[in-house]
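Below is one structure, written out as structure tokens; comments come after it.
Quick note: the coordinates plus some simple rules give every number you see, no bench work behind them. Everything numeric in this text was worked out from a predicted model, so none of it was measured. Neighbour counts are summed over all protein chains in view; Cβ atoms, including those assigned to glycine, are modelled from backbone coordinates with ideal geometry.
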Amino acid sequence: MKQLPKKGLAILLAAMITASLAACGNTSTEKDTEETAATAAVVAQTEAATEEATDAAAEATEAAESAKLSESDVTINDTIENSADGEHAITADGETASYSNTKVIKTGDSDSGDEADFYGDNAAIFATNSATLKLSEMVVDTNGTHANGVFSYGEGTTVEISDSYIKTSGNCSGGLMTTGGGTTNATNLTIETSGNSSAAIRSDRGGGTVNVDGGSYTTTGTGSPVIYSTADITVSNADMTSTASQGVVVEGKNSVTLKNVTLNADNNTKNSDKSEWYQAVMIYQSMSGDAAEGKSSFTMEGGTLTNANGDVFFVNNTATDITLINANIVNNDNDGCFLRAAAAGWGSEGSNGGQVSLYAKQQVINGDMIVDDVSNLNLYLSDGSTFNGAINSDGQAGEVYVELSGGAKWVLSSDSYITSLTCDADSIDLNGHKLYVDGKEYTAGTASTGTAIEVVSTGGGNGGAPEKPGDNGGSDHGTPPDKSGSKSN
């Protein structure tokens with residue numbers, strides 16, 4: 001017999017449940033039967049959509065792997081090497097320069113982590129002083145401590161790189177590095193890093209703007225997310241994998257935007273003892289002075305995020321907007337949360353929780369949310385979004401506001417405790433559990449009007465009421481460092 005597709009099976013199951021319940025119905029339970037059948041249909045359709053998206057993501061990952069640019073795919077006509085500590089193989093200083101079909105080999109270390117991380121010391125390829133550096137069909141191979149691959153430093157500096165392969169092996173050696181207000185535009189790269197603290201797409205003090213389109217980005221070291229952002233970083237149509245660290249980290253008043261990206265994160269090794277949790281996406285403020293304080297943002301539109309261990313999102317010691325639009329998000333750790341906003345080892349005890357405004361549009365959210373007593377959450381579900389999960393199932397802790405509109409649905413997975421609620425009469429399915437709003441039990445089928453929580457950003461943030469999605473309060477990334485090496489805060 002020909003098998004039905006998964007979506008067809010799910011819809012058939014929903015229809016069978018509906019028919020069965022209707023056959024057993026009587027006048028006193030007709031309303032309950034209709035509500036249960038409607039919920040069964042929503043859940044079945046949600047599961048079908050998730051399965052289809054997961055299958056599509058697996059196919060996309062397989063296709064991306066087969067299409068991934070390898071070193072042997074790049075035609076090399078010239079080789080440039082440098083082995084001196086602190087020096088560069090290629091430098092563009094206040095000029096317009098271009099290189100293509102070139103292999104760059106860099107060994108040697110930097111005596112100063114700050115000189116390397118902030119100002120580009122020891123990077124294989126370095127652009128500064130408003131230079132414009134164009135790179136195409138390059139192979140960049142570094143093996144040294146603080147030996148970043150391609151570095152863009154300073155306002156007015158632009159690096160454009162395409163169709164290239166970058167590999168770094170040493171600790172503190174990112175693939176693409178942007179600081180001091182520089183700009184990096186990258187297309188169709190393969191970046192592989194294996195050292196600790198070596199993000200594939202990396203920024204540091206002073207931030208800048210990074211745009212990446214296409215390609216494959218993989219990290220295997222401890223403390224090496226695919227993206228570490230103290231800048232405005234946008235990645236589109238790319239395949240990203242981390243095998244020991246978070247997939248994405250956003251620090252301070254900065255942003256990451258993912259569009260049609262496949263991200264596989266397996267954070268399984270601790271880089272410090274400041275937090276007990278593992279996660280795919282971490283948004284925080286370290287208070288090191290490397291990132292301005294204020295509201296950050298993380299946006300994911302389309303694509304797939306698959307988490308292997310722990311929570312999907314963790315927010316600590318900062319305020320942030322998280323916007324999710326029709327993204328397939330799968331957590332393969334049944335003990336992990338979808339979102340955890342909580343205190344950890346960064347910031348001052350008692351005021352170092354996470355302040356989150358989460359906007360979900362055409363979005364399926366599976367998993368619980370935990371908001372501790374020094375954190376808060378504004379959860380906006382709209383445009384047909386579905387949330388299958390609980391909020392603070394162990395009891396009231398931090399303040400939580402939930403708003404459902406545009407046909408959005410919340411199906412509880414266990415008892416939940418929030419402080420304020422806005423919803424239509426048919427927005428919430430208790431699913432046999434209880435929902436407490438400001439200490440009072442919510443009655444099924446009741447419309448509600450509540451008030452959002454005031455989000456007060458730390459430091460230079462905007463504060464005030466929750467802002468519209470995508471507004472991270474400006475482009476201040478921390479004081480751009482002077483080349484003198486002074487560490488301004």
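Tabulated values for the structure
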{"item": "Rounded FRET efficiency, nearest 0.05, which uses the C-beta distance separating Ser272 from Ser98 and R0 of 35 Å", "result": "0.30"}
{"item": "Alpha carbon Rg of the range 122-213, scaled by the compact-globule rule 2.2 N^0.38 Å", "result": "0.94"}
{"item": "Packing-based order for 417-426, 213-222, 246-255, using average beta carbon neighbours within 10 Å, highest first", "result": "246-255, 213-222, 417-426"}
{"item": "Convex hull projection area averaged over all views, the range 246-472, Cα basis, nm²", "result": "11.1"}
{"item": "Burial ranking of peptide ranges 370-377, 345-352, 293-300, 143-150 (average Cβ count within 10 Å, highest at the top)", "result": "143-150, 293-300, 370-377, 345-352"}
{"item": "The range 74-230: proportion of alpha-carbon pairs further apart than 29 angstrom, %", "result": "3"}
{"item": "Mean projected area (nm²) of the alpha-carbon convex hull when the range 111-160 is viewed from all directions", "result": "3.4"}
{"item": "For the range 394-415 and the range 258-333, distance of Cα centres in Å", "result": "21"}
{"item": "Within-13-Å neighbourhood charge of Lys134 [Cβ basis; K, R +1; D, E -1]", "result": "-4"}
{"item": "Approximate spin-label separation Asp383-Ile80, in nm, with each point projected 7 Å along Cα-to-Cβ", "result": "4.4"}
{"item": "Most to least packed among 110-118, 204-212 [average Cβ atoms within 10 Å]", "result": "204-212, 110-118"}
